[in-house]
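None of the figures in this text is laboratory data; all of them are computed from the coordinates on show. What you see is a predicted model, and the numbers here were worked out from it, not measured in a lab. We place every Cβ from the backbone using ideal geometry, glycine too, and count neighbours over all the protein chains shown.
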Amino acid sequence: MDSVEPILSLRGIGKAFYGNRVLTDVSFDVAPGEIIGLVGENGAGKSTLMKILFAMPVIGETGGFEGSIVFNGKEVKFRNSFDALDVGIGMVHQEFSLIPGFTTTENILLNRESLHGSALIDIFGPRISTLDRLTMESRAQKAIAKLGVTLDPKMLIREMPVGHKQFTEIARELCRENVKLIVLDEPTAVLTESEAEVLLATLRLLAAEGIAIIFISHRLREIVELCDRVVVLRDGRKIEDFPAKGTSIKEIASLMVGRSMEAQAQIDAASEARLRQDGAQQAETILAIENLWVDMPGETVRNVSLQVKQGEILGIGGLAGQGKLGIPNGIMGLAPAGGSVTLRGKPVALNAPRAVLERNMAFVSEDRRGVGLLLDEGIDWNIAFTAMQVQDKFLKPLLGGLLQWRSDAAMADLAAEYIKLLEIKCTGPGQRAGNLSGGNQQKVCLAKAFALSPDVLFVSEPTRGIDIGAKHLVLDTLKKHNREYGTTIIMVSSELEELRSVCDRIAIVYEGRIEGILPHTARVEEFGILMAGADRDEPPLSLAEGSEQ
Amino acid sequence: MISKLRLFLIENAVVILFVLLIAFAIPVSGLPASFLLQEILTRLGRNTFLVIALLLPIMAGMGLNFGMVLGAMAGQIGLIFITDWGVVGLPGLLLAMIISLPISVFLGWLCGSIMNLAKGREMVTGFILAFFMNGLYMMVVLYAMGSIIPVFNPEMLLSRGYGIRNVVGLDGVRQCLDNLIPLKIAGLNIPVFSFLIIAAVSWFIVWFRKTKLGQDMRAAGQDRAVSGAAGIPVEQTRIVAIIISTVLAGIGQIIFLQNLGTINTTSSHEQIGMFSIAALLIGGASVTKASIPNVIVGVILFHLLFLVSPMAGKNLIGSGMLGEYFRQFVSYGVIALALVLYEWKRAAQEHASRATLRGGAPADGKEAAA
Amino acid sequence: MSSRSLIQRSALLFALLVLSAWLFYIGKAHTLLIDTNAVTLDGREFKSAEAITVSVDGKTPEDMGRAERILVSVSGQQHRIVIEVVSGGARKVEKRFAVPTFMDSALVSIPAILGDAAPEHWVTKFTAADREDTPAEQMQHEGDAALPTPPDAKSLPSKP
């Protein structure tokens, strides 16, 4: 197997942040032209491993790392990311590293532009030379050609579809003369299904030319399809390292999570079946939505009417852009809305977030960084904040009620409780929320909503961008809350399987209207028909795991 | 189509507003067109250079350079020296510019470095820095000159023996640029040489944009993090932008004062930042985007308004003071408007980019236009 | 910084300094007092003519009588003076003379020029108390209480 010298060899990599061990003895090799799929839950150490590879400043500032990196046969000690780039390692990040007002060409060659010579260089320095745009364009075209896609070299980045931006980033890495290894971090997260296919094809092309690829993704289907080998990390260790051929998504997932998925699923199904029989007769309508419209760019709601039953878990599904995300955002006052919403018979004010919160409705937004969290504040703050603002919890009255004083102890207790309950991986209740991984941030958002003890809870894309283990935990917590406290939950999600495993009924939104409502036991094809618009003759879309459409 | 028109109106709201205002005020003021035309030609020659000095910092993402006043101070010091030494004419102006060069470079470096410490708040930093530098300038001009710094011409000093007089006549260089290449068309004096200089500096700006430095500035102006990650020395680049701006402001102030013919030692530089920025904004520029057409349109509209408002005010409501009040109101008002619009646009952009997160890629695959 | 760039930058700096000096040289303004008063040089008396016109550096010619003094502002060192004698025996005298750079006010003696006196007597430094002194003496005191003429002399056009 090891007839070829590996291009990258990680040996015994370990890292601890102030005593909190994050990586232990991780070793694996990458051969030239090989595609390695790197999988693991959030918090398993994937991003830390990549930060070490790229010599990010945070690694050096916190005591360096153990182990060694051998690249192209030589042991390397990178001082900063530029050293890694110089040696031939490229990285495509999840957030696009592009200048919006520049063209494709300008971005591909950012800071490596071709220059005309100039007599002024000696006096004013090399940056006084003018750009040689013709050479730049031909260089860019060469890189684009390697990708096997069509990109307009003159188009401005901000006018580009998301998929093209991703390709521009990759083209930039390719433009370095000596690129030998490219790391891609969740490259398909923002792509449509067809764009993802093109990307995978491109990566295969690149691998065929001898460029090694490390592919980090949660989409196990793509891992299985694309990669030659799979490396699974769990809790900071390398668990397994095996060829992708012959493996299955289930197998990889179970390795990631450490439990047998099947066993788990069986238990779940049994308990669910029991419970659903118990609560089979649902009573009155708690929330009546009539002729709701919501102006949310990209998720317009035109005319939605729903009756939500007390104590149920109602799912709202549908394809991206059809309007399902507009519903909770509109009702909770985050987007302009109109129509009529009644809670227990009494009308709810629209376009008034505080009023809705005071009626004991809560919302876990899909935009956790923008709407859900105070990123600069600690976990305890975040969890307690809304409850404190709206319900005056965690406040001690002083001077006979003149002053309200914050009770930090009560907040810390609450945070500790939820950290335990939801298994939030953190350094403590005071850790800055912005520093948590995506899944843990989601858990904090959930905790914040639970702290309000709401009667109605809207949850929007609860498991987007978080790994399998956390997914299950989040969904279980929702189910538990519904069972124990009778909270009515309205869950909006693009993953149908998730909806079917948690919800009692599922409404499908199409073109801003409710296309139909089905019980969770309905067949997948029936949902597919609704999602595509009941009148159409198209076959129902495939809803395989990991697809977002 | 309607939305396109609407978009055009919103984008150019400020310019359109001022055009309408002026179109109303000109007939009301009763001023003859020939007078207005001549004045505009003169003022274009006088003020345009200063406004052009504002372009590069905007390109570098540092907003409106209120620190250009520092360059104006350097230019004035240059002029004071050549007046003292008795160097006249074009050589005098050139010498003043050369003298102002090292002072401008130093002040620009200082200003840029301080602005780098206050990223995201460059404008207010420049504003306050200008006040602070004003104090230093006064110290130099009212105390050091004549005592520590030798002044040869006692006429220039205050009666106490040190410190420069409040008003310094520039007869030696008065209007020398304007009259260098005299041209008279239809009874109008056209300052050809001044226009040539403006053309030259405009060409410089256009050429500069094509250099690697210019490209780096544009990149750093749009996204500091991405540029830094690509290896562009963002901090240095920003400082260079401010240095060039300060140097141009110094030269621009010299051109400005040579046309006026006198330096008001303590106050000639004070309003110049405000007026130049206001003119640029009236011309349709924003905190993040400005180009040479904005400069020219802005100078014309701004000064037209100045010219007509006293008479218009007098004819309308019987008070000529309206002109002066109006001038202040317009300058500060348009800057406030631009800043508010900038913040509002930024908030809208953030909101829009979050909107794409919510729905994933919208149906046609294009992101919401910023 | 490479040595080549160091050399080039130093050269640029040097060129700027040289340029500045040259600008100073050609731009330094002087106030010329064209004087037709009789002067005595080395025992000889020189007199001007009855009526003359004087033009300095191509400016509009000024009429002058026998004992007058007018002000002309010029810049630079080298100057050209054209004296046209109108009265009795018309003749035209054109001469070039230099004003030292650091001499702010200079007295130009027409009789000395017309009488073909030695060129060093044509231009002398003017100090206020000097009205009756022989202009042959040069005084180089700086900071002297010389009353320089106000720069905004409106009597003569200063534009070319």
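Which of B:Lys119/B:Lys210; A:Lys425/A:Lys479; A:Lys309/B:Lys345 have a Cα-Cα distance over 32 Å?
Long pairs (Cα-Cα over 32 Å): A:Lys309/B:Lys345.
Convert each backbone phi in the range B:311-316 into a coupling constant with the Karplus relation 6.51 cos²θ - 1.76 cosθ + 1.60 (shift: θ = phi - 60°), then list the ³J(HN,Hα) values in order as whole Hz, x for Gly and Pro.
5, 4, x, 4, 6, 7
For A:Tyr510, list long-range residues whose amide hydrogen, built 1.01 Å from N in the peptide plane, is under 5 Å from its own amide hydrogen.
Here the answer is A:Glu515, since their amide H atoms fall under 5 Å of that of A:Tyr510.
222 nm [θ] for chain A, helices only, -39500 (n - 2.57) per DSSP H run of 4+, per residue, to 500? Walk me through the intermediate numbers first.
Numbers: 19 runs with 193 residues, N = 549.
When only DSSP H runs of four or more count, the value is -10500 deg cm²/dmol.
Return the whole-Å distance between the Cα centroid of the range A:382-404 and the Cα centroid of the range B:14-38.
Cα centres, the range A:382-404 to the range B:14-38: 59 Å.
Under 13 Å from the Cβ of B:Lys212, count the other residues' Cβ atoms, weight Lys and Arg +1, Asp and Glu -1, and hand me the total.
Residues close to B:Lys212 contribute a combined charge of +2.
Which far-off residues, 5 or more places away or on another chain, put their amide H under 5 Å from the one on C:Lys47, with H placed in the peptide plane?
For C:Lys47, whose amide H was placed from the backbone, there are no distant partners under 5 Å.
Just the projected area, averaged over all directions, of the convex hull on the alpha carbon atoms of the range B:2-356: how many nm²?
It is 20.7 nm².
Using 1/(1 + (r/R0)^6) with R0 = 22 angstrom and r between the beta carbons of B:Lys210 and A:Ile123, what's the FRET efficiency to the nearest 0.05?
0.75
Which distance in Å, rounded to a whole number, links the C-alpha centroids of the range B:198-276 and the range A:117-151?
25
Considering every residue in A:77-86, what mean count of other chain Cβ atoms within 10 Å of its Cβ is obtained?
1
Kindly state, to the nearest 0.05, the FRET efficiency for C:Trp22 paired with C:Arg66, given R0 = 41 Å and r defined as their beta-carbon distance.
Computed FRET efficiency for C:Trp22 and C:Arg66 comes out at 0.55.
For Cα pairs less than 8 Å apart in space and 6+ apart in sequence, what is the mean separation divided by the residue count of the range A:1-141, i.e. the relative contact order in percent?
Over the range A:1-141, the number comes to 19 percent.
Roughly speaking, what is the stretch gain from B:Val19 to B:Phe329, that is 0.36 nm per residue apart minus the C-alpha to C-alpha distance, in nm to one decimal?
109.9 nm
Could you state the number of Å between the C-alpha centres of the range A:473-491 and the range C:89-113?
Value for the Cα centre distance between the two parts: 107 Å.
Where in the range B:71-100 does the label zone of B:Trp109 land, with the point 7 angstrom along Cα→C-beta and an amide N cut-off under 17 Å?
B:71, B:74, B:99-100
If you take every residue apart from A:Glu173 with its C-beta less than 14 Å away from the C-beta of A:Glu173, what net charge results, scoring Lys and Arg +1 and Asp and Glu -1?
Its environment carries a net charge of +3.
Put a dot 7 Å past each Cα toward the Cβ at B:Asn264 and A:Ala16; how far apart are the dots in nm?
Output for this residue pair reads 7.1 nm.
Taking amide H positions as placed in the peptide plane 1.01 Å from N, state which residues far from B:Thr265 in sequence (5 or more) or on other chains have amide H under 5 Å from it.
B:Val167, B:Val168
Using the Cβ atoms and a cut-off under 12 Å, what net charge is assigned to the surroundings of C:Glu62, where Lys and Arg are +1 and Asp and Glu are -1? Present the calculation step by step, with values, prior to reporting the outcome.
On the way: positive: C:Lys59, C:Arg69; negative: C:Asp63, C:Glu68, C:Glu84.
Summing Lys/Arg as +1 and Asp/Glu as -1 gives -1.
What shape does the range C:29-130 have by the C-alpha gyration tensor, where a ≥ b ≥ c are the square roots of the eigenvalues, rounded means a/c under 1.5, and otherwise prolate means a/b greater than b/c and oblate the rest?
Working: a/c = 1.61, a/b = 1.22, b/c = 1.32.
Oblate is the answer for the range C:29-130, as a/c is 1.5 or above yet b/c matches or exceeds a/b.
Quick one: Karplus J couplings for the range A:233-241, per residue in order, coefficients 6.51, -1.76, 1.60, θ = phi - 60°, nearest Hz, x for Gly and Pro?
These are the phi-based 3J(HN,Hα) values: 10, 8, 6, x, 10, 7, 8, 8, 8 Hz.
When you count, for each residue, the other Cβ atoms within 10 Å and take the mean per peptide, how do B:266-278, B:35-47 rank with the highest first?
B:266-278, B:35-47
Run the reach check for C:Lys125 against lysines, Cα to Cα strictly under 28 Å, same-chain hits fewer than 8 apart removed. What comes back?
Partners found: C:Lys28, C:Lys47, C:Lys59, C:Lys92, C:Lys95, C:Lys154, C:Lys159.
For the range A:414-426, just list the computed ³J(HN,Hα) in residue order, Karplus coefficients 6.51, -1.76 and 1.60, θ = phi - 60°, integers in Hz, with x standing in for Gly and Pro.
Values, residue by residue: 4, 4, 4, 4, 6, 4, 6, 4, 9, 6, 7, 7, 8 Hz.
Which residue fluctuates most in the GNM of chain B (Cα springs below 10 Å): B:Ala60, B:Ala249, B:Ala348?
Checking each option, the largest mean-square fluctuation is seen for B:Ala348.
What pairs from A:Lys51/A:Lys77; A:Lys448/A:Lys471; A:Lys420/A:Lys480; A:Lys15/A:Lys448 go past 22 Å between their alpha carbons?
Check vs 22 Å cut-off fails for A:Lys15/A:Lys448.
With a bin width of 10 angstrom, please list the P(r) values of the protein assembly as shown as percents of all Cα-Cα pairs, from the 0 bin to the one holding the largest distance.
2, 8, 14, 16, 15, 13, 10, 8, 5, 4, 3, 1, 0, 0
Need one number: nm distance between label points at B:Arg6 and B:Leu37, each 7 Å from Cα along Cα→Cβ, rounded to one decimal.
For the pair B:Arg6/B:Leu37, the computed spacing is 4.1 nm.
Taking 7 Å along the Cα-to-C-beta vector as the label spot, tell me the C:Leu13-A:Asp25 distance in nanometres, rounded to one decimal.
Those two pseudo-labels are separated by 6.2 nm.
How well do other chains shield peptide C:19-32, expressed as the mean number of their Cβ atoms within 10 Å of each residue Cβ? Walk me through the intermediate numbers first.
Details: counts 4, 7, 1, 3, 12, 8, 2, 7, 14, 9, 12, 2, 1, 0.
Counting other chains' Cβ atoms within 10 Å and averaging over C:19-32 gives 6.
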